[in-house]
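Structure first, then comments.
The values are calculated or read from the model by the stated rules, or taken from the named source; none is laboratory data. Just so we're clear, the structure is a prediction, and the values are computed from it rather than from any experiment. Please note: Cβ atoms are built from the backbone with ideal geometry, for glycine as well, and neighbour counts cover all protein chains shown.
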Amino acid sequence: MRKKPDTGKRKSPGRSRKGKSVFPVVAIGASAGGLEAVSQFLRHLPSDTGMAYFYIQHLSRDHPSSLGLLLSRSTKMKVLEADDRLKVKPDHLYVCTPGKEMTVVNGSIRLRPRRADKLYYLIDEFFTSLAASYGKNTIGIVLSGNASDGTRGLMKIRKAGGLTFAQDNSAKYESMPRSAINNGAAIMVLSPKEMARELAAYGKNASPSAARRRQKKETTVAGDPEGLKSIFEILYKRTGVDFSNYKISTIRRRLSYRNASFRCKNPEKIP
């Protein structure tokens, strides 16, 4: 069995400094065309990943929204409209309330009226608050939409050690995800369906017990070249996830995709 690197001051995945459970949180931002994209994402996402989900979409300040009802048709997770001081729980989907600015502070949702006297980057602000609260346990996703909201927030998440995604050319409106991609804010560029599969795998592998169970059934990368092990050591320190418990086929598929994304023939030069 592979010996895990010395933890030092590193927090174990899903744990806070006080040892309390800190589950990963997933923030999804979108605008025009976002409902179709997030619905596809939810249809392919297991309802028991152990992560909490937030959906933020540009909506009219003055009109009620049926967004929560529409999204509940695509998932078995409990879908709730965000409410002030509502405690965040895993395997729940929280939908931003129209006309409100949403942040998360100390594990609770905080809402305040959205100001109408300025250009407000709703998604950026929310992503930034999650990065500050959850650090490397934050996952940010930018789906279809116009303009550039979400790019700055994804950068904050990435700098905090979290994972970031942007929708590929399947986006109905490409401005928002394209901004994230062009500015280097997105680690992975995938379709909503592929994002769901990645998060399903991440949720399973973030659990040490799940990794041990899977290790008995699947061939892992143990015995692979030392270079691959070194990559996993770096990823383990950065994300808290032991990628050596993934199937070899999964690892090779992700490396191939990353290689192709950057048109890089030498894996050592992949960003």
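Here is how the numbers come out for the structure above:
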item	result
The range 21-52: number of residues that are outside any loop (DSSP other than H, G, I, E, B) and among the β-branched types (V, I, T)	4
M176 being under 23 Å from V22 (Cα atoms), hydrophobic (A, V, I, L, M, F, W, C) and out of contact with any Phe, Trp or Tyr (no Cβ under 6 Å at 6 or more places or on another chain)	no
G150, sole failed condition from (1) touching a Pro at 6+ places or on another chain (Cβ under 7 Å); (2) on the phi > 0 side of the Ramachandran plot	(1)
Filter pass, G68 being at pLDDT below 95 and outside any loop (DSSP other than H, G, I, E, B)	yes
Tally, over the range 109-126, of residues that are closer than 25 Å to S74 by Cα and either surrounded by fewer than 14 Cβ atoms within 10 Å (Cβ to Cβ) or not aliphatic (A, V, I, L, M) (or both)	1
Selection count, the range 33-54, where residues are surrounded by 17 or more Cβ atoms within 10 Å (Cβ to Cβ) and free of Cβ contacts under 8 Å to residues at least 60 places away in the same chain	3
Qualifying residue in the range 167-184 (condition: assigned by TED's automatic domain parsing to the domain that holds P46, under 17 Å from V26 (Cβ atoms) and either in contact with a Cys (Cβ under 7 Å, 6 or more places away or on another chain) or surrounded by fewer than 22 Cβ atoms within 10 Å (Cβ to Cβ) (or both))	no
Residue count, the range 107-123 (criterion: farther than 15 Å from L59 by Cα, modelled with pLDDT of 90 or more and not in a strand (DSSP E or B))	1
